[in-house]
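These notes are about the structure you will find just below.
The values are calculated or read from the model by the stated rules, or taken from the named source; none is laboratory data. Nothing here was measured: the structure is a model prediction, and the numbers come from that model. Backbone-built Cβ (ideal geometry, glycine too); neighbour counts: all protein chains shown.
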Amino acid sequence: MNLSEWVERFNGGDVRALSRIISRVENSNGLIPAELKPIFSRTGGAYRIGVTGPPGAGKSTLVDWLCSLYRQQNLTVGVIAVDPTSPFSGGALLGDRIRMTRAGIDPGVFIRSMATRGTLGGLAESAMDAADILDAFGKDIVILETVGVGQSELDVARAADTTVVVLVPESGDGVQAMKAGLMEISDIFVLNKADRPMAERAALEIEGALELKQTRADGWKIPVLMTVANKGEGLPALVDTLKMHFDAMKNSGSLEEKRKDRRRERIRKVVERELRRRLWSEERFAMLTEEIENGDNPFEIAADIIGDFEGKE
């Protein structure tokens, strides 16, 4: 079956075609086939939720419950679960399907595990493409889940309408939450595994840090919710809070502004990706072996490469 036929089946709601097209985009190295580009003009209908936090915080279990609760509202859900790639083997565990026991068997939920594949930060460029494809497919909710490792929190915040930061009482996460980065990107804090000791203290630490923070421009007061995801406790309140945040953004106009910013960022990323693909290649790098071995000035070599590229264009 050729790609145009897969697109036709995708347009007809075929889940197998959805999976095939995401795989094609993921393995395209940024070179999106012409047949797939019209798909990306149909985005904007899905509510995108980013879920991030440290390893072991229970994010996958929490997302599993979110999917179940949204399905009870007859909403369809797409999940992009991103695991960091090993810098040594290039592999990733991609075990989210195993942990999402409820959502994994629901035909109204589509789960895709993806590796970062060396992308700086925690969100692969292809994950953004996959989120757009799920949006275009007609999913009501698109959830982006990633392990919080440095830059990834910012990546998720840029990709989502609402960002949920999941923490646990141990390991000083209450203090960790006071860092400016988490305060800036989080719309909702979730203290998971709240049945453990020190949970109340950790929640108070986060709330205290939030009190010291200046009021956000959109007027949203960041809540701290307590959950026990493996028992489903506190998850209905999270769904209600997500709805409140969505409505607040929509009423204030900040939702459309955020989505405009995301489109601008997407255009910039696509341009950078395409220029990088055209400008750089292993063949071009191999031609520089002599200059590299001679220790030639890297700025002069770079200027020559750019000059050659501009001359060809």
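At-a-glance table
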| quantity | calculated |
| --- | --- |
| Flag if residue 256 is in the same structural domain as residue 141 (by TED's automatic domain parsing), assigned to a helix (DSSP H, G or I) and exposed (fewer than 15 other Cβ atoms within 10 Å of the Cβ) | yes |
| Segment 189-223, subset hydrophobic (A, V, I, L, M, F, W, C) and over 24 Å from residue 161 (Cβ atoms), residue modelled with the lowest pLDDT | 212 |
| Subset of segment 176-188 that is modelled with pLDDT of 75 or more and in contact with a Leu (Cβ under 7 Å, 6 or more places away or on another chain) - its residue that is nearest to residue 58 (Cα to Cα) | 188 |
| Residue match in segment 226-241 (condition: at pLDDT below 95, surrounded by 15 or more Cβ atoms within 10 Å (Cβ to Cβ), part of a loop (DSSP other than H, G, I, E, B) and not basic (Lys, Arg)) | yes |
| Residue check, residue 217 in a loop (DSSP other than H, G, I, E, B), in the same structural domain as residue 131 (by TED's automatic domain parsing) and free of Cβ contacts under 8 Å to residues at least 40 places away in the same chain | yes |
| Residue within segment 96-116 that is modelled with pLDDT of 90 or more and either among the small types (Gly, Ala, Ser) or touching a Ser or Thr at 6+ places or on another chain (Cβ under 6 Å) (or both) present | yes |
